[in-house]
1. Just name the residue that is nearest to residue 53 (Cα to Cα) out of those in segment 110-129 that are outside any strand (DSSP E or B), charged (D, E, K, R) and modelled with pLDDT of 95 or more.
2. I'd like to know if segment 44-61 contains one or more residues that are small (Gly, Ala, Ser), touching a His at 6+ places or on another chain (Cβ under 8 Å) and closer than 19 Å to residue 22 by Cβ.
3. Within segment 48-58, take every residue that is modelled with pLDDT under 95 and of a type outside the set (D, E, K, R) and give me the one that is farthest from residue 134 (Cα to Cα).
4. Pick out the one residue from 113, 95 that is surrounded by 12 or more Cβ atoms within 10 Å (Cβ to Cβ), farther than 23 Å from residue 23 by Cα, in contact (Cβ under 8 Å) with a residue 40 or more places away in the chain and among the aliphatic types (A, V, I, L, M).
5. Return a yes/no flag: does segment 17-39 have any residue that is under 22 Å from residue 140 (Cβ atoms), small (Gly, Ala, Ser) and either modelled with pLDDT of 95 or more or not in a strand (DSSP E or B) (or both).
6. Considering every residue within segment 69-84, establish whether at least one is touching a residue at least 40 places away in the same chain (Cβ under 8 Å), farther than 22 Å from residue 29 by Cβ and surrounded by fewer than 16 Cβ atoms within 10 Å (Cβ to Cβ).
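The values are calculated or read from the model by the stated rules, or taken from the named source; none is laboratory data. Since the structure is predicted, the reported quantities are computational estimates derived from the model, not experimental observations. Here the Cβ positions follow ideal geometry from the backbone for every residue, glycine too, while neighbour counts run over all protein chains shown.
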Amino acid sequence: MKDSRPIKVNCRWAALQVIDLERVICPLHDLADPGAKGFTMGGGEWPLRGFVVRRGDTVAAYVNHCPHAGFPLNWQPDQFLAPDMPLILCVMHGALFEIDSGVCVSGPCPGKALRPLPVRVDRGYVMLEEGVPLEEPADLGR
């Protein structure tokens, strides 16, 4: 005769939520404080190219596109910060941008801002928010 009593199972993984791996930028512990990391998401000819930057508890993300000349801000991988200041640096023309707001505070485009990308930290991972297209914004003019 078959036993029909309910079976109790202790499954720790049963309570876990699914993470959309396509939107994971990096583990938070891979991002120095202060620090920055570039990323590419999506496919095709014009994937989304951006970078995340961390200072303290703040993590922000921007499209890797200088508002002055339209070039990527970095020449070397993950090199987005000014060497001696807590600012984002465009290596092409020396523009400096605030980490928290992306606003240019020095250089050829004062008052203009980097294009922000909404991100969150979820279970130790920096993630691009749902709904952000995984392609370069069409109005960048490339």
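1. Filtering first and then ranking leaves 115.
2. Among the residues of segment 44-61, not one is small (Gly, Ala, Ser), touching a His at 6+ places or on another chain (Cβ under 8 Å) and closer than 19 Å to residue 22 by Cβ, which makes the answer no.
3. Here the residue is 56.
4. So the residue among 113, 95 that is surrounded by 12 or more Cβ atoms within 10 Å (Cβ to Cβ), farther than 23 Å from residue 23 by Cα, in contact (Cβ under 8 Å) with a residue 40 or more places away in the chain and among the aliphatic types (A, V, I, L, M) is 113.
5. yes
6. yes
Residue-wise test of (1) under 17 Å from the mean Cα position of the chain (by Cα); (2) farther than 23 Å from residue 135 by Cβ; (3) of a type in the set (Lys, Arg).
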position: 60; (1), (2), (3): yes, no, no
position: 66; (1), (2), (3): yes, no, no
position: 78; (1), (2), (3): yes, no, no
position: 81; (1), (2), (3): yes, yes, no
position: 88; (1), (2), (3): yes, no, no
position: 105; (1), (2), (3): no, yes, no
